[in-house]
Amino acid sequence: MTNDDQILDFLYARQFAYDVLRRLFMEEPTPELLSYLRDSGLLLFPCDEALPAMRNTINDMHKDLNNRQLKANTEGFENLHWDFTRLFIGPEAPPAAPWESTY
């Protein structure tokens, strides 16, 4: 594999990661999306030895998703669903509005 191929693969992986993050911030997670991330999606995130904090975070997310039942109307899924709702929707002013900046 040439250096250009490696760079192109990395850029595709970054595009994938940004799209997943966009979905997770803008839409309530679905059982299908969470199952996909657990089964193979998290493995596609561009992490290597140069990014140990990101690799550890991805590993922690993978462990957490493996320990949850990710079908609709199960406790594991509903807990994630309500965490999303409280953070990004409300019932009161959301503490982490996805359209706001930290600046």
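The values are calculated or read from the model by the stated rules, or taken from the named source; none is laboratory data. Quick caveat: nothing in here was measured; it's all calculated off a predicted structure. Glycine also receives a Cβ, built like all others from the backbone with ideal geometry; neighbour counts cover every protein chain displayed. Side chains included, ligands, DNA and RNA excluded: accessible areas come from the protein's heavy atoms. Shrake-Rupley method; radii C 1.70, N 1.55, O 1.52, S 1.80 Å.
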Notebook entry, point to check: How high is the relative contact order of the chain, in percent, counting Cα pairs under 8 Å that sit 6 or more residues apart?
Noted result: 24 percent
Next item on the list: Could you please state how large a percent of the accessible area of segment 31-86 is carbon and sulfur, counting protein chains only and using a 1.4 Å probe?
Entry: 53 percent
Check: Rounded, prolate or oblate: which fits segment 1-52, taking a ≥ b ≥ c as square roots of the Cα gyration tensor eigenvalues, rounded meaning a/c under 1.5, else prolate when a/b beats b/c?
Finding: prolate
Notebook entry, point to check: Tally Lys and Arg at +1 and Asp and Glu at -1 over the other residues with C-beta under 14 Å from the C-beta of Asn79: what net charge comes out?
Noted result: -2
Check: Is it possible to state the helix-based mean residue ellipticity at 222 nm for the chain, with each DSSP H run of 4+ residues giving -39500 (n - 2.57), the sum divided by total residues, to the nearest 500 deg cm²/dmol? What is it?
Finding: -20000 deg cm²/dmol
Check: Picking from Val20, Thr30, Phe45, whose Cα lies most toward the positive end of the charge dipole for segment 1-72 (charges on Cβ: Lys, Arg +1; Asp, Glu -1)?
Finding: Thr30
Item checked: Along principal axes, Cα extents of segment 11-80, largest first, whole Å -> 38, 22, 17
Notebook entry, point to check: For the chain, what is the accessible area per residue in Å² when the probe is 1.4 Å?
Noted result: 74 Å²
Item checked: Net length gained if the chain between Glu78 and Asn3 were fully extended (0.36 nm per residue, minus Cα distance) -> 22.6 nm
